[in-house]
1. Kindly provide the set of residues from segment 70-112 that are modelled with pLDDT of 70 or more, touching a Ser or Thr at 6+ places or on another chain (Cβ under 9 Å) and farther than 22 Å from VAL187 by Cβ, ordered by number.
2. Among the residues of segment 8-25, how many are crowded, with 17+ Cβ neighbours inside 10 Å and at pLDDT below 90?
3. Kindly establish whether TRP28 is out of contact with any Pro (no Cβ under 8 Å at 6 or more places or on another chain), more than 26 Å from THR91 (Cβ to Cβ), at pLDDT 95 or above and surrounded by 19 or more Cβ atoms within 10 Å (Cβ to Cβ).
4. Kindly evaluate LEU183 against the criterion of being among the hydrophobic types (A, V, I, L, M, F, W, C) and more than 30 Å from THR109 (Cα to Cα).
5. Those residues that are among the small types (Gly, Ala, Ser) and either outside any helix (DSSP H, G or I) or touching a residue at least 12 places away in the same chain (Cβ under 8 Å) (or both), I need them from segment 12-61; list them, please.
6. Criterion first (free of Cβ contacts under 8 Å to residues at least 24 places away in the same chain and either under 30 Å from GLN206 (Cβ atoms) or assigned to a strand (DSSP E or B) (or both)) does ASN98 satisfy it?
7. Sort out for me the strands (runs of 3 or more DSSP E) sitting completely within segment 115-159 that have 3 or more residues that are within 23 Å of LYS173 (Cβ to Cβ), touching a residue at least 24 places away in the same chain (Cβ under 8 Å) and not small (Gly, Ala, Ser).
8. Taking only segment 31-53 into account, find how many residues are at pLDDT 95 or above and either loosely packed, with under 15 Cβ neighbours inside 10 Å or of a type in the set (Phe, Trp, Tyr) (or both).
Amino acid sequence: MYQNHPFFEYPQNDARIWRYMDLEKFFWLLEHSALYFCRLDRLPDRFEGAWSKPTFKAITADYEDFAKRHGVTEEAVQRVLRDTNYFHFATWAQFAVNCWTINEHESATMWQSYVKSGMGVAVESSSERLAACLNGSPDWLIHIGKVRYADYATEEFPLPNSPDRALFPCLYKRLFFRDERELRIVVRKPLEPRVGRDGRRLWHAQPLSDHVQIPVRLGTLIARVVVAPGAELEVFQRIDSAMRDAGFCGGPSRSSLDEDPFTPQERR
């Protein structure tokens with residue numbers, strides 16, 4: 001079920017959002033009435049879910065300071081640090097994400113990045129629509145927030161003192177991706193307590209499968225479907241037919257990038 005979370009920066013206004021996809025993914029969305037989530041460690045960017053270098057140094061220093069204050073042996077310190085490394089990587093398997101871009105208009109860059117040769121669509125929605133359509137999954141914890149972009153070599157992330165601390169790096173990406181203006185949905189299972197080797201209570205969740213699907217109400221989620229610029233008539237008709245089969249009264253829209261700068265009268 002969707003929940004507000006203090007780590008997540010939810011858009012202040014009802015932001016217009018888009019998800020660009022090829023036809024196969026769009027037809028899957030219509031057939032299953034579900035959003036497709038990819039586990040964090042299965043995304044192409046290897047830095048997904050990672051702490052920045054300065055942040056990881058700070059985490060290490062925190063454990064070392066704890067050990068000194070409590071008379072923990074050096075051997076035990078090294079075990080704790082190994083646990084920290086393991087826990088850091090293991091948490092990636094606890095989260096899955098679905099990504100949108102915040103923009104008032106279509107983006108030529110996003111079309112070029114995610115849709116090839118006119119064979120796809122952009123689903124237009126809004127942050128409020130997204131939150132509303134995710135309230136029917138009580139077995140999941142679902143959070144929505146804007147991605148923050150950082151220099152992983154120099155910037156230190158905040159280290160909140162919370163059982164949810166492992167969730168925090170899910171909201172960061174490297175500066176190379178800042179043009180995406182991403183709004184991210186993160187899903188996970190509820191946390192369960194366990195005791196670490198140093199006796200401190202830790203919180204964890206069971207690893208997820210590589211992909212997760214969350215049921216949604218398509219009529220709530222989708223405000224409009226825009227066909228990729230340059231799409232052939234046959235592609236437009238296929239999308240229109242699939243939408244009507246899925247229960248939509250209206251069909252798709254043509255991309256604004258296909259508009260003619262001249263009216264018929266001006267061409268004479």
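The values are calculated or read from the model by the stated rules, or taken from the named source; none is laboratory data. No experiment lies behind these values; they were computed from the predicted model shown. FYI the Cβ positions are ideal-geometry reconstructions off the backbone, even for glycines, and counts take in every protein chain you see.
1. HIS105, GLU106, SER107, MET110, TRP111
2. Selection size over segment 8-25: 0.
3. Spelling it out, it is not the case that TRP28 is out of contact with any Pro (no Cβ under 8 Å at 6 or more places or on another chain), more than 26 Å from THR91 (Cβ to Cβ), at pLDDT 95 or above and surrounded by 19 or more Cβ atoms within 10 Å (Cβ to Cβ).
4. For LEU183, the condition - among the hydrophobic types (A, V, I, L, M, F, W, C) and more than 30 Å from THR109 (Cα to Cα) - is not met.
5. Of everything in segment 12-61, those that are among the small types (Gly, Ala, Ser) and either outside any helix (DSSP H, G or I) or touching a residue at least 12 places away in the same chain (Cβ under 8 Å) (or both) turn out to be ALA15, SER33, ALA34, GLY49, ALA50, SER52, ALA58.
6. Criteria not met by ASN98.
7. 141-146
8. Total satisfying the criteria: 4.
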